[in-house]
Structure formats: structure tokens, C-alpha cells
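The values are calculated or read from the model by the stated rules, or taken from the named source; none is laboratory data. Bear in mind the structure is a predicted one, so any value in this text is a computation, not a measurement. Here Cβ is always computed from backbone atoms with ideal geometry, including for glycine, and neighbour counts include all displayed protein chains.
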Amino acid sequence: MKAPRALLFTGLAIAAYAAQAHHSFAMFDFEKTTEVEGVVREMRFAAPHVWIYVTVKDPAKGEVDFGIEGAAPNTLLRAGWKRDSIRSGDVVKVKVHPLRDGAPGGSLVDITVNGKAVGGAR
Amino acid sequence: MDILNFGNNSGAVGGLEMRNTRSLFRCLAAAGILLVCVPALAAEPEKPLQSSVGDQMADLGPRRPAKPAPASTFPHGRDGKPDLTGIWFAGIRDFVTLDDRRIDIPLTPDYAAVRARRVKAMDDGKPLPDYVSTCQAFGMPRLMSYGVMEFVHRPEQLWVISEVMHEVRRVYLDGKPHGEWQESTFGGVSTGHWEGDTLVIETRKLRPGFMSMTGIPYSDRMVVTERIRMVNRDALENEMTLTDPVALSRPWKVMHRYERKEPGYEIGEFICNEYNVSGGTPADVDPRKDLPLSAISGAP
């Protein structure tokens, strides 16, 4: 069976946490998945976990800096990511498990960059 | 006595903590099948764990004991003993993570209270820091429970090198005393000897700490005894016995299973403090403050 790419990637993101999480993810609400869309301000492809900061336009609050925690770099590299798979200025759609406390951030579930899944070379 | 089992095929939920595990189990099951080849995971039932009764240990759930093969098929070192060199996957349960509140760990009351407080903090979405979340070290026994590690085995010494946390553990096999000058450390002092084809390792001089990210506390008097044996050339079992005169009311036995990674698999760099900004892990909080005073020898 060939898995749809989106599903594959969803699986990747979650499995990645499981494979390399060095701390608890209890601050994220795994019962909820929300989607944010915006422009990448900064990508920190670094241990222990990658972080993607996205500027999101919020109708009520204006521009909001949204922090997304991903997996460990090694896990993502083994799954086909590159250090520059996501760059500043990229337009991204991101599914996250949001922070429980309502702060603008979440745990990465799935991301598309300029309309494409991340994973292979760019 | 039954022992608690931590299989390397059963733990794709490890490393994630949350109150309601049901939906995550399913997500991760899909992830496991597609990407991390965790064959038993899809079938992993959501059954509650049995409670421990007396010294009957709870069974953590599905696991896959490896198929035994004759020792003649193992790689051997120049001392004629099984050569444990290789890259091994311990699973991702992180000793006891998601499931640990469902296991009856024989903690004494003070230590059970710390654990309960830390589990509640996790349930409240505000996990308390530990030595791993603050990028310090797994230490023993946690190191031997998690992720990918490389064993470099010479007859006189075994080195265990983890990917996550970049930790190096030295196990002295030369029969001489070691670490006499050292104070207590995260990894302690490990010496080992062979009983037949089983490598028996004893670890002492540990710093007090937590066995898991949920927080199972132990004192600096804990002794970890491991019995590591090759089941077949691609599988190891590590039967671990933990004794602690203040934290545990009786010896606690757990089984870790390791699976050899595929040929060509390489350990990567992991500099934990490169960018550790994860929530719930402020670097200025000392995890030691969360331990009972009895965990620290000589504490007032």
C-alpha cells in the first residue's frame, strides 16, 4: 500500500517526537490540532529539537510570533529533511498540537512549505 | 519473580506525556507502521496494565522477545565472549514514561510522593524539569533504557555511547577496582564480569536523580545490577535489578531489550544545549531540589 504523502508526513512528525523527545511534551494539548498559516521568521535547525518561528496574521491581535517545536535534527535528517528544508520567508501551513496555556505555540504535526511537503531535497 | 519489560518494539509512545493517551496511541500506531517500523505497535492494545501484587511485577504490555540462537552464531571477542559491539536500539520508553503511573513501582512513601507530584505537574501541562530536559545527562539507569546507543566492546572495557545526550558510559571488565577517587556521578562507576555468556555489571556511586521524565526518584545509594546477554546476534536482553535502601522498599527488576540497528546506521551529533528552549525545562531550575533529602547522603 502506498501511503498518501500527507499521511506519511503526519506520521513522520509525530513519530519523530517519540523517537527523540528528551523532555516531556505535556505542555502541548494532544487532544487538539490547530492549523496556522504564515511566513517563517526563523528556522532553528538545532538540537535538541528544531524550532520554527512563524509570523501569523491574527485578525484581532495583528502579527503574532508563533513558535513550533519539532523533532530532533537527527530524526528529521534520517527522514529526508535538510537543514534548509525550511527557510526564513517561506510561506507555511502548519498543523500543531497547541500549547495548553493558550500561548502562541505548538508541537509540530505536519507542515507544508510553499505548498509542498517537506522531506526530500529542495 | 516476573520482571517489568521494556521492549524496543513497544514504545513508540515513549517520550510523550499526556493525560489522555487514547488518540495518541492511534496516531503513533500509524506513524510506526509507516516510518519507524514498529511492527507490533499497530496491534498494541490499550488494555490497562495489571497492578503489581507483592513482588509480582506489572507487565508493561506487548513486547517481542527475540528468537534465541545458539551462541556459536554470535560474534565473539578475542576473549571468546560474545562481542556486544554494534549500534543498538533500546526503544523509546525512556525507562518508564507514558505508562509509569500505571505501574506499581515499589517506592517508599517520600519517593512515591515526589513521583505523584511530578505526574500531577505533567497532567497539568507543566512538566517539572529533570536532568535530561535540562540537557545534563541521562545517567544510570535511564541511559540504558532509551533510544539509540553504540556499544564498543573490548575484552577489558565496554563503552556505551548514546546518541541523545552524547553520553559515554565506561564499564570496566578487567577485574580491577575503579573509580575509587570519584565522587558520585550521573553514570556512577560500572564494573562487570562474565558469568558464562552473561555480562553482569554493577553500578554504584550514582548521583540522586530521576529514572524517567515523569520522575521516578532515586537516591545516591542506588545500586544497579545488569545481566546482559545476547539472545541472537541482533538482539540483547538486559535484566536490570535496582536496589535502593531509601527510595525502594524492595529490589525492582525490569527487562530492557535491545535490537541491533540495520547495517550502515550511524550515530549523529546531538549537542543538547545548542538550542534548548523547550517548554517546561527552565535551565535555571535545579532538578535536585525536587528530591527527598534522604536521596542525598549527608544532607541535613
Exercise. In region A:46-62, which residues are in a loop (DSSP other than H, G, I, E, B) and surrounded by fewer than 23 Cβ atoms within 10 Å (Cβ to Cβ)?
Worked result: A:Ala46, A:Pro59, A:Ala60, A:Lys61
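In the set A:Val91, A:Val96, which member is modelled with pLDDT of 90 or more, under 11 Å from the mean Cα position of the chain (by Cα) and either more than 7 Å from chain B (Cβ to nearest Cβ) or surrounded by 14 or more Cβ atoms within 10 Å (Cβ to Cβ) (or both)? Talk me through it step by step, then tell me what you get.
Details: A:Val91 fails: under 11 Å from the mean Cα position of the chain (by Cα).
Matching residue, one of A:Val91, A:Val96: A:Val96.
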Problem set entry | For A:Lys116: the one exception among (1) basic (Lys, Arg); (2) exposed (fewer than 15 other Cβ atoms within 10 Å of the Cβ); (3) in contact (Cβ under 8 Å) with a residue 24 or more places away in the chain | (3)
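Going by the conditions given, is B:His193 assigned to a loop (DSSP other than H, G, I, E, B) and under 18 Å from B:Glu156 (Cβ atoms)? Reasoning before the result, please.
Details: assigned to a loop (DSSP other than H, G, I, E, B): no; under 18 Å from B:Glu156 (Cβ atoms): yes.
Judged against the criteria, B:His193 is not a match.
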For this session: Looking only at region B:158-165, decide whether some residue is of a type in the set (A, V, I, L, M, F, W, C) and free of Cβ contacts under 8 Å to residues at least 40 places away in the same chain.
Result: yes
Exercise. Looking at (1) among the aromatic types (Phe, Trp, Tyr); (2) free of Cβ contacts under 8 Å to residues at least 24 places away in the same chain; (3) closer than 24 Å to A:His23 by Cβ, which is the one condition that is false for B:Trp181?
Worked result: (3)
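Being within 30 Å of A:His22 (Cα to Cα) and surrounded by fewer than 16 Cβ atoms within 10 Å (Cβ to Cβ) is the filter here; which residues of region B:185-198 pass it?
Residues of region B:185-198 that are within 30 Å of A:His22 (Cα to Cα), as a first pass: B:185-192.
The answer is B:Thr185, and nothing else.
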Exercise. Which one of the conditions (1) of a type outside the set (Lys, Arg); (2) within 30 Å of A:Gly105 (Cα to Cα); (3) without any contact (Cβ under 8 Å) to a residue 24 or more places away in the chain does B:Gly268 fail to meet, given that it meets all the rest?
Worked result: (3)
Exercise. When residues of region B:226-241 are filtered for being in contact with a Ser or Thr (Cβ under 8 Å, 6 or more places away or on another chain) and in a strand (DSSP E or B), how many remain?
Worked result: 7
Exercise. Looking only at region B:85-126, which residues are surrounded by fewer than 21 Cβ atoms within 10 Å (Cβ to Cβ), within 13 Å of chain A (Cβ to nearest Cβ), in a helix (DSSP H, G or I) and at pLDDT 70 or above?
Worked result: B:Val119, B:Lys120, B:Ala121, B:Asp123
